[in-house]
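The values are calculated or read from the model by the stated rules, or taken from the named source; none is laboratory data. Because the structure is a prediction, the values reported are computed rather than measured. Quick reminder, even Gly has a Cβ in these numbers, built from the backbone with ideal geometry, and neighbours come from all protein chains shown. Please note that ligands, DNA and RNA were not included when accessible areas were found on the heavy atoms of the full protein model with its side chains. Shrake-Rupley method; radii C 1.70, N 1.55, O 1.52, S 1.80 Å.
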Amino acid sequence: DYLKDVSCYRHFESLGFKKQLEKFDINESAVKKAAKYEIDDSLSAIDIEDIFSSFDSLSRKISLYPIINDCGIDGIIFGDEKTSFILDFTMTEISDDQILDVFKIFHASFDQIVVFNYKSIIKMLGFYNFPIEKIIDLTLSAYIIDSNNSERLLDDCFVLSFLLDTEIESVRSIFERKSIGEILSDYIEKPKYFAYIAGIQKLMNVAGKIAVERLKQEGLSMVYESIELPLSAVLADMENTGVKTDVQILKDLSGNFSESIDILKKRIYEQAGEEFNINSPKQLGEVLFERLKLPYGKKTKTGYSTSADVLENLKKDYTIVQDILKYRHYAKLKSTYADALQTYIKEDGRIHTSFHQVIASTGRLSSTEPNLQNIPTRDDVGKLIRSAFVPDKDCVFIDADYSQIELRVLAHLSKDEKLIEAYKKGADIHKMTASAVFNVPINEVTDRLRSNAKAVNFGIIYGISAFGLSLDIDISQKEAKKFISEYFKAFPSIKDFIDKLVAFAKKTGYAKTLFGRKRFIPELNSSNFNTRSFGERIAMNAPIQGSAADIIKIAMIRVYDRLRSENMSTRLILQIHDELLLEAPLSECERAEEILKEEMENAARLLVPLSVSLSTGDSLLEVK
């Protein structure tokens, strides 16, 4: 009851928030209404039984702000631009099913609901059937409007500040508490916190109007409605499902890595003639460059550099350097993977990573806690980590990987006839490129020439320089420059296309993907040559990489929807950039493969076919 006496106006005035709000004029925003926005209403506390009667005073469009603690949802503040209500779950006993029922009521009762980070709500409720056409996700909208905001979008108040174009102080900076739980357990802080969030909730309605209008004006509605928002439910399901992980395999690998580390330690000490801390760059530098007199030793204020680049230059001639690099590799495998992954395994025996939609400015997804997109794939020892990820009993992993998707996108966007024809015929693109660039018959292309051509093919996509290419394939800069020149002679339409991409970005300030996603590139206006050159490389790559990222997202949505529509138990559990992983019961394996291949290869209509390679196995190692 004490919440009923809390005045929003009084609290916002005491917090200095009202003054900030007065600076915001709706007339200057996309809403285009000549009115100033002030908070002058009280926050009302209601019981679940009163939820329907509270709707009478609300419009058909509301905003909804769940109070989320580490263990779940503690309450909901909802309302329109005039009125706010608080359902405080901490004041009464309420089950998860009842909370879910409350959210269903909201969806059934209102035409539009504005939220932050809809994925987190879906994930917490474990309910994926909400009609997303009613949802305005402010976090996703802000990201789509300008992806350079990156991690700042994880702060709800920053999202509001960005959309409303006015400074709004973050909740954490005001309350200076470690967690929401601490705030809610504090009798004095709790009503102040609810009153502040009620103000945020009111502003969400205004921001929702602006977000919809800006997405529409900038041609980004399709990216929001058809890609990012429906993907939220897919990612929530993937996160809740997780990937089964065999902890014993990780423990065994950790023990094996420890044995290898100990052996390498002894060998390094013997060659150095003394024991020292191999993990200390200072001590390692002194041993290598003072005691053993190895070349390339450049001493700075902090000591000799022992970076990977320095050691790579020495490893051909010095066994101790080879052993040091191996030592570092095994130490990383042990600490970063074999040991760390064990800590993420939950009671269900699965690792539940978090997929982020609003972190990478490229449009790609990222994975954290832990990063399951970065499990080693190249060296044989590192690959063993993948053997710990296994399907459930009587299930199998199905992996599908797009073949050269970025090169195929390049062929489509550039309309290069040679590339298009080669992909339609199923030719070896790298061999074809080697033949054209190095001027040799295609049947005389060696593995070395093909490998170099592959580096050029993918390097062109990322705007690689002669210096970068020379490092990649171990040739002189002069040779690398010639390779790039010969490539553009062989594929002149690609050179024209890339030049047009840079010119377009310089004119508009952004690069654009096949589906309309924009990447703003402020670096193009820099007075610094290196920064400006970096911006030009972004302008070359963003339309290609961003289009590929959109295609895989569309494929995820289509695969997910097909599996659900056919009532299958097969689950989409992992995305690793151009690759999707399913966990399928053995009885559904064949059908799941058909769906996966069909939906991935038809996720977009390009001038060249999208190609997918499938594999099945009893671990992530077996399928990749």
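When only the heavy atoms of the protein chains count and the probe is 1.4 Å, how do 462, 128 rank by accessible area, highest first? Mind dumping the intermediate values first?
Numbers: 462 95, 128 45 Å².
From most exposed to least exposed: 462, 128.
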Contact order relative to length for the stretch 87-237, counting C-alpha pairs under 8 Å separated by 6 or more residues, stands in percent at 30 percent
Heavy-atom accessible area of residue 329, protein chains in place, probe 1.4 angstrom, given in Å² to nearest 10, is 70 Å²
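With +1 on the Cβ of every Lys and Arg and -1 on the Cβ of every Asp and Glu, and nothing else charged, how large is the dipole of the stretch 472-554 about its Cα centre, in debye rounded to the nearest 20? Mind dumping the intermediate values first?
On the way: 15 positive and 9 negative charges, 72 e Å.
With Lys and Arg at +1 and Asp and Glu at -1, about 340 debye.
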Per the Cα gyration tensor, the stretch 169-222 corresponds to an equivalent ellipsoid with semi-axes, largest first in Å, of 33, 11, 8
One finds the C-alpha centres of the stretch 68-107 and the stretch 406-466 to be spaced, in Å, by 56 Å
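Relative contact order of the chain: what whole-number percent is it, with Cα pairs under 8 angstrom and at least 6 residues apart? Don't skip to the end; give the middle numbers.
Numbers: 968 pairs, mean separation 85.3, N = 624.
The value is 14 percent.
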Options (i) 1.06; (ii) 1.40; (iii) 1.01 are given for Rg/Rh (Cα atoms, Kirkwood Rh), and the computed one is (iii)
Under 14 Å by backbone N from the virtual spin label 7 Å along Cα-to-Cβ at residue 265, the residues of the stretch 220-256 are 255-256
Among GluC sites (Glu not before Pro) in the stretch 56-161, those in a DSSP loop whose Cβ has at most 12 other Cβ atoms within 10 Å are 93
Of the accessible area of the chain, computed with a 1.4 Å probe and all protein chains kept, carbon and sulfur make up a percent value of 47 percent
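With a Förster radius of 35 Å, plug the Cβ-Cβ distance of residue 504 and residue 128 into 1/(1 + (r/R0)^6) and report the FRET value to the nearest 0.05. Walk me through the intermediate numbers first.
Details: r = 39 Å, r/R0 = 1.10.
Efficiency, rounded to the nearest 0.05: 0.35.
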Sorting 364, 152, 350 on solvent-accessible surface, 1.4 Å probe, most exposed first, gives 152, 364, 350
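Rounded to the nearest whole Å², what accessible area per residue is found for the chain with the 1.4 Å probe?
Numbers: 29280 Å² over 624 residues.
So the chain comes to 47 Å² accessible per residue, rounded to a whole number.
Which of the pairs 478/506; 134/209; 415/512; 244/624; 597/624; 251/334 have their Cα atoms more than 18 Å apart in this structure?
Values: 478/506 29 Å; 134/209 13 Å; 415/512 16 Å; 244/624 16 Å; 597/624 16 Å; 251/334 10 Å.
Over 18 Å Cα-Cα: 478/506.
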Sorted by chain and then number, the residues having a modelled amide H within less than 5 Å of the amide H of residue 114, at least 5 places away or on another chain, are 62, 63, 64, 136
Between residue 353 and residues 5 or more places away or on another chain, the pairs with built amide H atoms under 5 Å apart involve 243
Rounded to the nearest 10 Å², the 1.4 Å probe accessible area of residue 622 is 110 Å²
Subtracting the Cα-Cα distance of residue 527 and residue 166 from 0.36 nm times their residue separation yields 127.1 nm
Between the residues 390, 358, 371, the Cα farthest towards the positive end of the dipole of the stretch 351-399, that dipole coming from +1 and -1 charges on the beta-carbon of Lys, Arg, Asp and Glu, is from 358
Listed by chain and number, the residues whose amide H is under 5 Å from that of residue 67, excluding neighbours fewer than 5 places away on the same chain and using placed H, are 74, 75, 76, 77
